[in-house]
Structures are given as C-alpha cells and as structure tokens.
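The values are calculated or read from the model by the stated rules, or taken from the named source; none is laboratory data. This one's a predicted model, so the numbers in the text were calculated from it and none came from an experiment. So basically every Cβ, Gly included, is an ideal-geometry build from the backbone, and we count neighbours across all protein chains shown. Areas reflect the complete protein model, heavy atoms only, side chains present, ligands, DNA and RNA absent. Shrake-Rupley method; radii C 1.70, N 1.55, O 1.52, S 1.80 Å.
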Amino acid sequence: MTTYLSFLVLVLVITIAPGPDSALTLRASLVRGRGAGLLTMAGVSAAGAVQGLLAAGGLGAIIVASEPLFLAVKWIGAAYLLWLGAHALWTAWRGDFARDEAQAQPAAGRGARSKVFAQGFLCNITNPKVLAFNLAVLPQFVGDGAGVPLLALYALSLVALGGLWLTGLVLVADRARVALSAPRVRRRIEGAMGLAMVGFSAKVATTH
C-alpha cells in the first residue's frame, strides 16, 4: 500500500503539469462549454486506458522497441498537435467563433459530440510519451515479475487521477466561461492555446 500511495503521489505531480491533454480539454471547455470539456476528458481517458492496458499486456514494449512504429506514432502525434495549434491560431486571427458556438449547443448532434470525443482520444493516443511513461515507471513500483492485473491497476490509476484532474479543469473553466466570452478575450485564449499546442507538437517531435 505504501508503494501504491507513493505511485499516486508521483502520478498527481505529473498529472497537474501542463500538457497537451490539459490544454485541449481547457480550450474545449472555454470555447464550447462544459459538455465539450467533459467529452474531451472522456476521449483522453479512453486513450489513456488503451495505452495503459497495452503497456500492461506487453504490446506497448513492442511498439516502443520497433523504431519505425514508434516514429510513426510520434510524427502523427506531432502533426496532429500542430494542426490543432494552427486551427486555434487561425480562429484567433479570423475572430469567427460562430461554428464553435453552434457545436456547443445541445442540438449540435451526435456527429459534433463524436468529433469532440475523437479529438481528446487522438490527442492522447498519438502521444508516445504516455506509453513510454507506463513502460518506464510502472516496473519501478511493481517489480519486473508483476502480473498483468497489477500492472493494469497501476496504469488505470494513472488514468483515473488524470480524469479527475481534467474534470476539475472543466468545472473551473465552465464557471469562468461567461466572463471570458468577450471576442477580444476569446481571441487571446485561442491564440494562447494555439501557441501552446504548437509548442507541445515540437516537444513530441523531439521525443526519443
């Protein structure tokens, strides 16, 4: 139990550090509302669970050990984050928020909601640093001879804490959304998030 609690403390520190998942969830909450933020969080959590179970089952090690496959995931992730950043910067420069406001409405439809979920899923699943973290850190806490169930417990604990943190971000952002809805403020938010995503893209691209 002491080892598990130590792991949770480490995970909490890593979770609250700024990253692409937090930035994307925060932007969705500020721009489209609480529902979009929670859907983004759900997509991130689903992808994190997939990566954690891959690591626990041993497939993650194969991906990381295969240089072509690892590089493919890395460059897809970097390109996706770059696209998200460029889109946010374009939206800030154009100043047209009508589409985002329309997708925030309850009547936006299943397609719009699926798109928001998919953005969160792709943001996490194409980040090789998540898989590398699971493979590098979990054995230090559970030992080399640990079985799949124990590894899965630790990996999914990482997902659960991350989901709680992102949910907190969504709720805080939703409360501040009305005060930040002025077009000038929205432009600044989009610009800041765009630059952050471009920076995260560069960081993922330099992952080894």
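How far, in nm, would the chain grow between LYS115 and PHE141 when pulled straight, counting 0.36 nm per residue and subtracting the alpha carbon separation?
Extending this stretch completely gives an extra 5.7 nm.
Ordered by packing density, taken as the mean number of other Cβ atoms within 10 Å over each peptide's residues, highest first, how do 120-130, 22-32 rank?
Result, highest mean first: 22-32, 120-130.
I want the local charge near GLY77. Using Cβ-Cβ distances under 11 Å, sum +1 for each Lys or Arg and -1 for each Asp or Glu among the other residues.
For residues surrounding GLY77, the net value is +3.
Mind giving me the nanometre distance, one decimal, between the label points for SER157 and SER6, set 7 Å out from Cα along Cα→Cβ?
Between SER157 and SER6, the label points sit 1.2 nm apart.
With every protein chain kept in the model, how would you rank THR206, THR3 by accessible area, 1.4 Å probe, largest at the top?
Most to least solvent-accessible, the answer reads THR206, THR3.
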